[in-house]
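The values are calculated or read from the model by the stated rules, or taken from the named source; none is laboratory data. All values derive from a computational prediction rather than experimental measurement. So basically every Cβ, Gly included, is an ideal-geometry build from the backbone, and we count neighbours across all protein chains shown. Heads up: the accessible areas ignore ligands, DNA and RNA and are worked out on the full protein's heavy atoms, side chains in. Shrake-Rupley method; radii C 1.70, N 1.55, O 1.52, S 1.80 Å.
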Amino acid sequence: MIERPYDGCGKCLLGVRRLSRMKLATSSPERQREDVLTAAGSVGGHIIGWADDWEVSGATDPMTRPQLGPWLRDERGSYNGLVAAAVDRLGRNVVDCLNTGYKMRDEGKLLVTYGHESPWDLDDQVDENRFTMEAWGAQMELRAIQRRNRSATEKMRAAGRPKGKPSYGFQYVRTVMGGKIDHVELHPHASSVIRTVARRILADPERVTPSSEAARLSRAGELSPADHLAVMYGKPAGGHPWQPTSVKNILLSEATLGYLMHAGKPVIGKDGNPVRLCEGLWDRQTHEALKQALIPRKTPWVGRRSNRAYMLTEMALCGQCHNRLYTQTSADAPPRYVCNARNKGWLSAQECRPAPLIYANILDAYVEEWFLQEFGDGMIFETVYDEGNGVAERMAELRASRERLRADREAGLYDDADDAAWFRERYAAMGQELEKLGLEPQRAPGMVRRATGETVRDRWDKALDVQARKEMLTDFGVRVTLFPVAAPVRWVAGVVHGPERGLTGVV
């Protein structure tokens, strides 16, 4: 049997496969498998495992490849050598290939590739030269591929057409399956997701952050940008969660304005303006507002931590010592809210006896009943960002374009006579357009309140999980104070409006 576990026979080999792009029609994985098995059998070895690096460029250092790297770093267990379908499956860089080969030689391990009649012996000049030549050929092929890709990218960019992956919220439209991109449009679902994120952050930047939104999207089961892209192109989702940095980078990128991007910046067309591929997710004013909302700042505690599985953690307080309640779990009893501040030795809780304790499901049910009774029929209003009538946005676009032109001029890019004439013409045209727009009435962008058409009870019932309901309680400023049975206080079906207009129910 050519595949079996490690048995210490001295020829327990690791199968190495790699492919830069996985497509449904490709048969390369199967061909590489057959070649690896044939090569292993030719030297009397067997395969103990596979290091399959799919969607990994040949330019990646083997030591850092997701699957092969841990084996080379001795993190996956013992093996007696590597076997690959060809030298270019090890890498497309002479240095990387030689480093891997010499590592196998120095550690006394085998290095086998299909088409070479025996294991590579890098102490032999003939084998060393041949191995180096095959690695050099793989590197030259990689350089040719990179050169073609750069040339294609430059031509596509000059023509104002996209190349590469679409930004989150957008999709490429092809008139023929597998053909060239016909045009770009907003993705119906992804654009709605990211617009909702932007609206929530603009409405409450102090409490809604990229971190809280990443956690919310992950809980809601929304595909992360990487998984969304994979599914769009017919590949399985990898189950990756949303990351706060991804959310922030998407929101701050000018790609959201519908621009053609290169190296993180908009591509400037012949008219001096950014090349626009399609309508944006929002306008320039919203983009600037998001930049201001996402400026790093110290934010107060708001009780929106995503790793809490209970509805009232961090908003339930002890009526005796006024410290927050914690949750206790055990194998023989349901989860409980309890004050354990005195047990921890806190000075503020020295007189907290008896400490209040209640089953979590009971207190949650009390609070839910009270909350819906008090506010369930109330209509929910949301604060959203109104873009205005677009005049201010167009003026901001023109000013940004003029600033770019002026910066290029100062850098000496338009010193030639023809270029200088073009610069003056475009700069004057932008100035005239700005003057015309300045005469038009403007509706300034800003935050407005509008009815959502749903009640508090509707949103509570539609909440996806405990955390979504916890956010609703936090938005209403709910605080729960728990007293022990011995205390003379019982449930008060009412609210107390504090200095922060908070709502406090007492048990």
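For the chain, can you list the cysteines whose C-beta has no other cysteine C-beta under 4.7 Å from it?
Flagged as lacking a Cys partner: Cys9, Cys12, Cys97, Cys278.
Treat each spin label as a single point 7 Å out from the Cα along the C-beta direction, and report the Ala331 to Leu464 distance in nm.
With each label point 7 Å from Cα toward Cβ, the separation is 3.4 nm.
Quick one: which residues, 5+ away or cross-chain, put their amide H under 5 Å from the amide H of Leu110? H built at 1.01 Å from N.
Residues meeting the criterion, in which the H sits 1.01 Å from N, are Gly81, Leu82.
Round to a whole angstrom and tell me the spacing of the C-alpha centers of region 150-188 and region 238-291.
Taking the Cα centre of each part, region 150-188 and region 238-291 sit 15 Å apart.
Using only alpha carbons, build the gyration tensor for the chain and give me the equivalent ellipsoid semi-axes, biggest first, whole Å.
Semi-axis lengths for the chain are 53, 42, 19 Å.
Compute, for Thr327, the solvent-accessible surface of its heavy atoms (probe 1.4 Å) with the complete set of protein chains present, and express it in square angstrom to the nearest 10.
Per-residue accessible area (Thr327): approximately 50 Å².
When 1/r is averaged over all different Cα pairs and the result inverted, which Kirkwood radius in Å belongs to region 1-68?
So the Kirkwood estimate lands at 12.9 Å.
Efficiency by 1/(1 + (r/R0)^6): what FRET value for Ser27 and Asp74, r their Cβ-Cβ distance, R0 = 35 Å, to the nearest 0.05?
With a Förster radius of 35 Å, E is 0.60.
Rounded to whole Å, give me the distance from the Cα center of region 311-346 to that of region 418-480.
Going from one Cα centre to the other spans 41 Å.
Mind jotting down a quarter of the surface of the convex hull over the alpha carbons of region 123-176, in square nanometres, one decimal?
With the hull built on Cα positions only, its mean projection is 6.5 nm².
Taking the convex hull of the alpha carbon atoms in region 13-148, what volume per residue do you get, in Å³?
101 Å³
Using only Cα atoms, what is the ratio of the radius of gyration of region 367-438 to 2.2 N^0.38 Å?
2.21
When the accessible area of region 197-335 is computed with all protein chains present and a 1.4 Å probe, what percentage of it is carbon and sulfur?
53 percent
When N counts the residues of region 119-209, how does its alpha-carbon radius of gyration compare numerically with 2.2 N^0.38 Å, as a ratio?
1.93
If a/c stays under 1.5 just call it rounded; otherwise compare a/b with b/c (prolate if a/b is bigger, oblate if not). Do that for region 339-485, with a ≥ b ≥ c from the square roots of the Cα gyration tensor eigenvalues.
Judged from the Cα gyration tensor, region 339-485 comes out prolate (a/c at least 1.5, a/b above b/c).
Taking a cut-off of 25 Å, what percent of all Cα-Cα pairs in region 194-322 are separated by more than that?
Result: 40 percent of Cα pairs exceed 25 Å.
Quantify, in whole percent, the carbon and sulfur part of the accessible surface of region 80-127 (1.4 Å probe; protein heavy atoms only).
Reported share for carbon and sulfur atoms: 45 percent.
In square angstrom, what is the accessible area per residue of the chain with a 1.4 angstrom probe?
For the chain, the per-residue accessible area is 54 Å².
Could you look at region 1-71 and say what percent of its accessible area is carbon and sulfur, using a 1.4 Å probe and all protein chains?
In region 1-71, the share of accessible area belonging to carbon and sulfur is 54 percent.
Compute the Rg to Rh ratio over region 121-275 from the alpha carbon atoms, using the Kirkwood formula for Rh, and round to two decimal places.
1.13
Can you pull the three principal axis extents for the Cα set of region 229-287, in Å, largest first?
Reported extents, whole Å, longest axis first: 43, 24, 21.
I want the antiparallel fraction of DSSP beta bridges within the chain, as a percent rounded to 5.
So the antiparallel bridges amount to about 50 percent of the total.
Restrict the search to region 170-241; then list the GluC sites (Glu not before Pro) that DSSP places in a loop and that have at most 11 other Cβ atoms within 10 Å of their Cβ.
Qualifying residues, ordered by number: Glu206.
Can you list the trypsin sites (Lys or Arg not before Pro) in region 217-275 that are in a DSSP coil and have 16 or fewer other beta carbons within 10 angstrom?
Lys270
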